Amino acid sequence: MGVRPRRALLATTLLSSLVAVSACGGGTADSASGDVTLVVKTFSQFGYDELYKEYEASHPGIKIKEENIGKLGDYTPKLQQWLATGKGAGDVVAIEEGILSQFMAKPDQFVNLLDHGAKELSGNFLPWKWQQASTSDGSKVVGLGTDVGAQGMCYRKDLFEAAGLPTDREAVGRLWPTWDAYLATGKQFKAKTPGAGFYDSTGGVYLNMLMQSGDHTYYDSTNELVIDSNSAVRATWDKSIEMVKAGLSANIEMWSPQWNAGFKNGTFATIPCPSWMLGTIEKQAGPENKGKWDVAKVPGNGAVRGGSFLAVPAQSTHQKEAAELAKFLTSAKGQTAAFKAKNNFPSSPQAIDDPVVQDFKNPYFNDAPVGKIFGESVKALKPVYLGPDNNAIGDRVGNALLAVEQGKLQPDEAWAKAVDDAKRLAK
Amino acid sequence: MVTDLRPRTAPSTPAAGSRPPEQPRPRLRDRISRVEVKWSPYLFIAPFFVIFAVFGLFPLIYTAWVSLHDWDITGAGAFVGLDNYVALFADPDFWNSVVNTLGMLVLSTVPQLLGALVLASLLNQKLRAVTFLRMGVLLPIVTSVAAVGIVFSQIFDRDAGMVNGLLGLVNIDAIDWRADKWSSWTAIATMVNWRWTGYNALIYLAAMQAIPKDLYEAATVDGAGKVRQFWSITVPNIRPAIVFTVIMSTIAGMQLFTEPLIFGQGSFAISGGSLRQFQTVSMYMFEKAFRDFDYGYGSAVAWMIFLLITLLGVVNFLITRRSR
């Protein structure tokens with residue numbers, strides 16, 4: 001009997017070796033013909049399929065393989081592991097802005113893109129986007145910007161109609177100049193349509209408001225944890241609680257199966273949608289719901305939520321080729337193509353002003369002029385500094401909000417718990 | 001001990017150099033064969049011990065070594081002695097996960113084994129298509145854990161789940177299965193029970209078939225009913241099988257991981273609910289080691305799981321032994 005309990009540890013080892021095995025899957029391999037295979041690691045949807053084909057056609061001898069992980073939450077630990085162990089990261093990796101600062105702390109894990117002629121590209125990106133992935137002395141550029149999470153508010157036309165609200169996107173946008181007005185609209189909606197939630201879950205709305213509420217959130221620019229002293233965070237929390245109390249939430253966690261199904265079934269009427277989410281909505285709601293979802297302007301002043309970078313890990317065995325590919329994918333042309341494919345909104349001013357983007361109408365969303373809507377949100381933009389454990393703290397605050405939605409904690413208890421969890425995590 | 005039963009070669013007589021030169025050869029062969037006889041049994045059993053050492057003993061010891069360090073993803077940091085364990089003992093999230101694991105362990109093991117007992121005694125009767133039925137109870141074990149997790153997560157869904165639908169028929173309000181400890185534990189224990197009851201039933205069935213029929217005949221003559229026979233003959237006679245299943249389910253229950261992970265939602269599912277309602281110790285270990293990359297702390301959690309299982313094993317053993 002004494003022998004059996006070792007299984008706990010055996011399981012541990014197996015788990016870790018499993019992780020290790022899956023982490024090793026991404027190495028680059030040259031085929032016999034001397035071709036170079038570049039492995040690109042992404043999460044969610046980057047919309048690069050067409051660009052890969054084009055690049056392969058114009059660069060004979062280069063093959064591109066994208067390895068995608070659906071959820072950012074699953075991708076992040078893998079990426080950390082690949083980079084720390086020096087194995088498995090492939091040749092080009094996507095880095096989301098919320099996890100960028102922890103990688104910026106170890107710039108040696110990445111190829112300095114300035115060594116590969118990135119300097120002259122700085123004008124191709126919004127200045128703050130360029131800054132985010134540069135070291136503070138400017139001697140090193142770790143990543144090149146892909147998209148910015150330009151904000152819109154997606155809404156279900158049929159549900160708005162049932163609630164007696166306007167359905168035209170201009171008029172809908174005028175309903176909510178501020179988040180307070182959004183809250184008021186929500187109350188109106190719930191009075192008429194109690195069966196559906198006004199939005200999916202409070203976590204998303206909270207995050208949106210937070211990203212509009214100043215130049216930093218949980219951390220100040222010296223990476224000091226300020227979650228309980230930054231009044232903007234608390235104010236955003238309180239506003240979110242007000243919405244929970246008004247019963248606006250459908251209480252469906254983001255990225256859960258019910259959330260996916262909710263787009264199809266009309267379980268909720270609005271969802272703050274960063275540009276990259278349009279692809280998700282289209283995929284989940286399916287062709288039969290074409291035209292039911294539309295995009296209006298987001299309450300408050302412009303905000304970003306999300307947005308990514310491409311970097312070349314120092315462990316890549318084809319750094320030169322990888323850097324060229326990253327430059328190609330993040331060029332104004334590449335960003336425009338990704339926008340057309342998955343509505344990932346460009347971070348390149350040239351691409352933003354490109355008529356292709358400006359005049360782009362998304363047929364799935366009633367030909368909504370998403371290029372214009374998101375473009376306006378980006379212009380009003382102030383960059384927000386996100387510290388090292390930003391996303392992990394966000395997870396904990398999200399859980400606390402969820403507990404309030406479930407009625408398991410009083411708002412004050414939940415806030416205290418979120419702060420406490422954040423402090424324990426960051427210590 | 002190994003005994004060499006072959007006749008020994010006569011000790012070579014060191015006669016004068018008149019002997020032919022092949023004299024040393026049989027000697028060498030002899031020595032080889034003696035070594036072979038002495039050591040080959042060890043060689044035959046070596047694979048198990050080598051594999052155990054590589055995959056069992058080494059990780060066990062290495063995990064203990066890691067747990068004494070401030071060990072993050074970049075490798076070994078400072079030696080911190082028992083600091084990780086001290087922090088662990090003061091960590092409410094850890095104790096919460098221990099309580100959750102034990103709660104789900106009770107909710108899954110007890111009904112599972114009782115159900116298996118009943119099922120086995122039913123299958124031990126003269127039934128039509130008995131082989132078909134016996135194979136049938138094994139089906140759930142063939143299903144992948146992930147599939148079980150996904151399907152049952154839908155069955156226990158708050159808005160569109162089958163269980164809430166059925167409860168609605170008798171006018172019981174929909175239950176948010178993930179929001180409370182009792183409800184999430186019930187849902188997860190149901191998955192475990194569904195999957196393992198048949199397996200345990202077959203083990204009991206095998207043990208029951210080894211019970212001599214005359215015991216039952218004698219009992220019938222003495223006027224004992226079916227129920228009395230079950231408790232006084234069947235159960236005592238399959239005690240070794242019961243002890244085995246109790247210990248095996250305890251070990252499995254202490255390592256519960258996949259079902260609660262899939263039952264969780266969103267991108268932070270490893271937390272097992274908004275307030276960690278159903279986060280098990282294994283999940284907590286995984287969160288610490290592979291999400292926060294605190295390998296030292298994660299290893300300390302792993303060792304605590306090991307110690308807890310040992311402790312529970314001993315308790316199990318003592319209880320089942322005394323109740324003879």
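Values quoted throughout were computed directly from the atomic coordinates according to the rules given, and no laboratory measurement underlies them. All values derive from a computational prediction rather than experimental measurement. Backbone-built Cβ (ideal geometry, glycine too); neighbour counts: all protein chains shown.
Below are the figures for this structure:
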item	result
Value of Rg/Rh across segment A:63-192 [Cα atoms, Kirkwood radius]	1.15
Listed residues A:Glu54, A:Glu253, A:Glu66, most fluctuating in chain A (Gaussian network, C-alpha, under 10 Å)	A:Glu54
Residues listed by number, segment A:375-396, amide nitrogen under 13 Å from A:Ser221 label point at 7 Å toward C-beta	A:383-386
Net charge contributed by nearby residues that have their C-beta within less than 12 Å of B:Tyr204 (K/R +1, D/E -1)	+2
Whole-number percent relative contact order across chain B, with pairs defined as alpha carbons under 8 Å at least 6 apart	25
Choice from B:Ile175, B:Ile150, B:Ile45 showing the highest fluctuation, given a GNM over chain B with Cα pairs closer than 10 Å	B:Ile45
Cα centroid separation, segment B:64-124 to segment A:149-202 (Å)	45
Top positive-direction residue, dipole computed over segment B:185-324 with Cβ charges, set B:Tyr199, B:Gly225, B:Leu256	B:Gly225
Radius 10 Å from Cβ of A:Val172, net charge of other residues (Lys, Arg +1; Asp, Glu -1)	+1
Cα gyration tensor category, rounded, prolate or oblate, for segment B:133-179 with a/c compared to 1.5	oblate
Amide hydrogen neighbours beyond the local backbone of A:Val39, cut-off 5 Å, H modeled	A:Lys65, A:Asp91, A:Val92
Most mobile listed residue (A:Val141, A:Val36, A:Val298) in chain A, GNM with C-alpha springs under 10 Å	A:Val36
Percent RCO, i.e. relative contact order, over chain A, from Cα pairs under 8 Å lying at least 6 residues apart	23
FRET efficiency, A:Ala191 to A:Ala171 (Cβ-Cβ, R0 22 Å, nearest 0.05)	0.70
Contour excess over end-to-end distance, with Cα ends at B:Ala46 and B:Arg128 and 0.36 nm allotted per residue	24.8 nm
Per-residue ³J(HN,Hα) for segment A:119-130, Karplus 6.51 cos²θ - 1.76 cosθ + 1.60, θ = phi - 60°, Hz, x for Gly and Pro	3, 5, 8, 4, x, 7, 10, 4, x, 5, 5, 5
Principal semi-axes in Å for segment B:50-136 [√(5λ), Cα gyration tensor, largest first]	46, 21, 9
Rg ratio (alpha-carbon, reference 2.2 N^0.38 Å) - chain A	1.01
Segment A:249-394: C-alpha gyration tensor shape, a/c 1.5 cut-off, then a/b vs b/c	prolate
Label point distance in nm, A:Ala416-B:Ala64, each placed 7 Å from Cα along Cα→Cβ	4.1
The protein assembly as shown: proportion of alpha-carbon pairs further apart than 49 angstrom, %	30
HN-Hα J in Hz across segment B:223-229 - Karplus 6.51, -1.76, 1.60, θ = phi - 60°, x for Gly and Pro	x, 7, x, 4, 5, 4, 4
Positive minus negative residues near A:Thr135 (Lys, Arg vs Asp, Glu; Cβ under 13 Å)	0
Solvent-free Debye scattering, log10 I(q)/I(0), computed from the Cα coordinates of segment B:134-253 at q = 0.17, 0.20, 0.22 Å⁻¹	-0.92, -1.06, -1.17
In order through segment B:174-185: 3J(HN,Hα) via Karplus (6.51 cos²θ - 1.76 cosθ + 1.60), integer Hz, x for Gly, Pro	4, 9, 7, 4, 8, 7, 10, 5, 4, 6, 5, 4
Kirkwood hydrodynamic radius of segment B:86-322, Cα pairs, Å	19.7
Extended-chain gain in nm, criterion 0.36 nm per residue less alpha-carbon gap, B:Val106 and B:Leu167	19.5 nm
Cβ-placed point charges (K, R +1; D, E -1), dipole of chain A about Cα centre in debye, nearest 20	900
